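**Q** Before I ask anything, here is the structure I am working with.
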Amino acid sequence: MIDAIGYIFDLDGVITDTAEYHFRSWQRLAQELGIPFDRHDNEALRGVPRRRSLELVLKGRELPEDEMQRLMARKNAYYREFLHDITPSDLLPGVGEFLAEARALGVVLGLGSASKNARDVLQQLQITGLFSAIGDGYSVVNQKPAPDLFVWVAGRLDLPPDRCVVFEDAQAGIDAAKAGGFRTVGIGPAERVGHADRVVDGLHALKARDCLPSL
Ligand code: B16
Ligand code: MG
């Protein structure tokens with residue numbers, strides 16, 4: 001056993017692929033508003049909080065605050081219709097094995113997601129109990145690329161950032177982790193996460209024992 005190491009995971013794009021559901025929900029809203037919105041537009045929303053996502057969907061159109069709130073609620077209602085369909089089979093490849101191996105090594109696990117629906121997604125995936133700390137869209141005011149969420153999760157794990165590794169698929173998420181002094185594993189193409197300490201296609205390409213920070 002090793003002592004006092006934490007692995008902190010982003011949710012969408014690392015543990016499961018809710019991006020498709022976010023896309024379909026934003027696209028439905030955009031269609032209703034008469035705004036074109038395709039998969040290419042959606043790429044800019046990866047890891048981006050709900051409010052900033054709406055601003056990007058609106059492409060510069062400015063709306064009163066109460067209308068912004070209504071549109072965010074409507075998109076979230078569309079998104080939540082999809083959540084019922086999520087099952088443990090929606091874990092991305094290798095995730096179950098990676099989390100189990102990390103826990104067997106004695107690594108404590110944390111979640112650091114921008115999503116306000118993160119707890120419900122974990123519940124659907126039936127992995128809530130694996131995490132000693134869950135940081136979500138409600139946990140901090142300053143979202144990624146600010147380091148606050150990962151620092152908050154590390155605090156809940158009772159670990160300093162240099163004893164934790166962050167696994168992220170979004171550019172802003174790697175920026176956030178690096179700003180907080182964490183070691184980083186980027187999931188996805190180098191154009192997006194090439195500034196991480198290590199870059200892989202997914203957790204299936206990694207062994208938990210090979211990610212321990214050098215202390
Ligand atoms: P919600 P992550 C992010 O999840 C998604 O990638 C992003 O598309 C979404 O807008 C954001 O959560 C907020 O989600 O509307 O459910 O609060 O990658 O940070 O796990
Ligand atoms: Mg993500």
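The values are calculated or read from the model by the stated rules, or taken from the named source; none is laboratory data. Only a predicted model underlies this, so the values are computations on that prediction, with no experimental measurement involved. Using ideal geometry, Cβ is built from the backbone for each residue, glycine included, and neighbour counts are taken over all protein chains shown.
**Q** Name the helices (runs of 4 or more DSSP H) wholly inside the range 1-117 in which the number of residues that are at negative phi and either near ligand 1 (Cβ under 10 Å from one of its atoms) or not assigned by TED's automatic domain parsing to the domain that holds residue 137 (or both) is 2 or more. Steps first, please.
**A** Details: elements: 19-33, 39-43, 50-58, 65-83, 95-105.
Answer list for the range 1-117: 19-33, 39-43, 50-58, 65-83.
Yes or no, residue by residue, for (1) out of contact with any helix residue (DSSP H, G or I) (no Cβ under 6 Å at 6 or more places or on another chain); (2) in the same structural domain as residue 11 (by TED's automatic domain parsing); (3) modelled with pLDDT of 95 or more; (4) under 19 Å from residue 113 (Cβ atoms):
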| residue | (1), (2), (3), (4) |
| --- | --- |
| 151 | yes, yes, yes, yes |
| 155 | yes, yes, yes, yes |
| 168 | no, yes, yes, yes |
| 174 | no, yes, yes, yes |
| 199 | no, yes, yes, no |
| 204 | yes, yes, yes, no |
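**Q** Could you grab the pairs with beta carbons closer than 6 Å, sequence gap of 6+ or different chains, first residue in the range 114-127 and over 16 Å from residue 50 (Cα atoms), second one of a type outside the set (Val, Ile, Thr) and modelled with pLDDT under 95?
**A** none
**Q** Go through (1) surrounded by fewer than 19 Cβ atoms within 10 Å (Cβ to Cβ); (2) farther than 18 Å from residue 150 by Cα; (3) hydroxyl-bearing (Ser, Thr, Tyr); (4) touching a residue at least 12 places away in the same chain (Cβ under 8 Å) and name the single condition residue 79 misses.
**A** Among (1) surrounded by fewer than 19 Cβ atoms within 10 Å (Cβ to Cβ); (2) farther than 18 Å from residue 150 by Cα; (3) hydroxyl-bearing (Ser, Thr, Tyr); (4) touching a residue at least 12 places away in the same chain (Cβ under 8 Å), the lone unmet condition for residue 79 is (1).
**Q** Which one of these is in the same structural domain as residue 94 (by TED's automatic domain parsing), of a type in the set (Val, Ile, Thr), closer than 16 Å to residue 7 by Cβ and within 12 Å of ligand 1 (Cβ to nearest atom): 127, 187?
**A** 187
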